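The values are calculated or read from the model by the stated rules, or taken from the named source; none is laboratory data. Note that this is a predicted model, so its numbers are computed, not measured. Backbone-built Cβ (ideal geometry, glycine too); neighbour counts: all protein chains shown.
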Amino acid sequence: MSEYKPRLQVAYADNIRSAMVERFGYTNPCRIPRLEKITLNMGVGDSVSDKKVLDVAFEAMTEIAGQRPVLTKARTSIATFRLREGMPIGCMVTLRRQKMYEFLDRLISIVLPRVRDFRGISAKAFDGRGNYSMGLSEQLVFPELNPDKYTREQGMNIAVVTTARTNEEARVLLELFGMPFRQDTKKSGVA
C-alpha cells in the first residue's frame, strides 16, 4: 500500500519544480520556491455581544480546514467597542503539508469558481516577500458547509506563505499551481 499524496503535491514534485528551474534558472535545489503554510483567519467582532456567534464561526472553521482552530484574543481594550483585553474575538488555523495542498486544491478548483461575479483574484496582494493574502466575504462558498446551519454571513482571510524571495517568483509559483489571477485589461497610455 502506497502512501497517499494530494494531487497538487504530486504536481509540484513532478512538474512545477522543473518549470520554476527553467523559468528562473536556479542552480541550488533548495532555492526553488515552495509552499510553506496556509493560514485561515476569521475575525468575529459580534462575539463581544453574542458568544454563540464565535461558536458557530469556530465550527465552520473546523469543517473548512479539517482541523481544530485556535481562538484569537483581543490584544488591547477598546472601550467604544466594549472590548476588553483577552476576550476571544476570532479563530485561526494554520495548514501545513498534506492538508495545505488539499485546501489549496479545493480553493482553486471548487471555492473560487463559486464566488459570485468571479473574474480572478488580484495579482497585487503580495507582501514584497513572496506571500499572498486574500479575503473571502462569504464562507458559504465552501461546499462542506450546510447553508441551513450557517445562516450568518461571515468572511475570512487566507494567507499563502511561500519560500519565494520576490513577488514575481511567488506569482509564477501560484500560477503554476493553477491560481486564477485576474488579467489587467487596462491599457497604459491615453485614459
Restricting to the stretch 122-180, and then to whatever is in contact with a helix residue (DSSP H, G or I) (Cβ under 7 Å, 6 or more places away or on another chain) and among the charged types (D, E, K, R), can you tell me which residue is modelled with the lowest pLDDT? 152
By residue number, the members of the stretch 124-150 that are part of a loop (DSSP other than H, G, I, E, B) and either farther than 19 Å from residue 65 by Cα or under 14 Å from the mean Cα position of the chain (by Cα) (or both) are 124, 125, 127, 128, 129, 130, 131, 137, 138, 142, 148
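Just checking, which of 116, 152, 129 is farther than 28 Å from residue 10 by Cα and surrounded by 13 or more Cβ atoms within 10 Å (Cβ to Cβ)? Working first, answer last.
On the way: 116 fails: surrounded by 13 or more Cβ atoms within 10 Å (Cβ to Cβ); 129 fails: farther than 28 Å from residue 10 by Cα.
Just one listed residue meets the conditions, 152.
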Would you mind telling me which numbered condition in (1) at pLDDT below 80; (2) in a helix (DSSP H, G or I); (3) closer than 26 Å to residue 100 by Cβ residue 72 fails? (2)
With the condition kept exactly as written, say whether any residue in the stretch 79-98 is in a helix (DSSP H, G or I) and modelled with pLDDT of 75 or more. yes
Could you check the stretch 1-25 and list, in sequence order, the residues that are touching a Pro at 6+ places or on another chain (Cβ under 9 Å) and either of a type outside the set (Lys, Arg) or in a loop (DSSP other than H, G, I, E, B) (or both)? 20, 21, 24
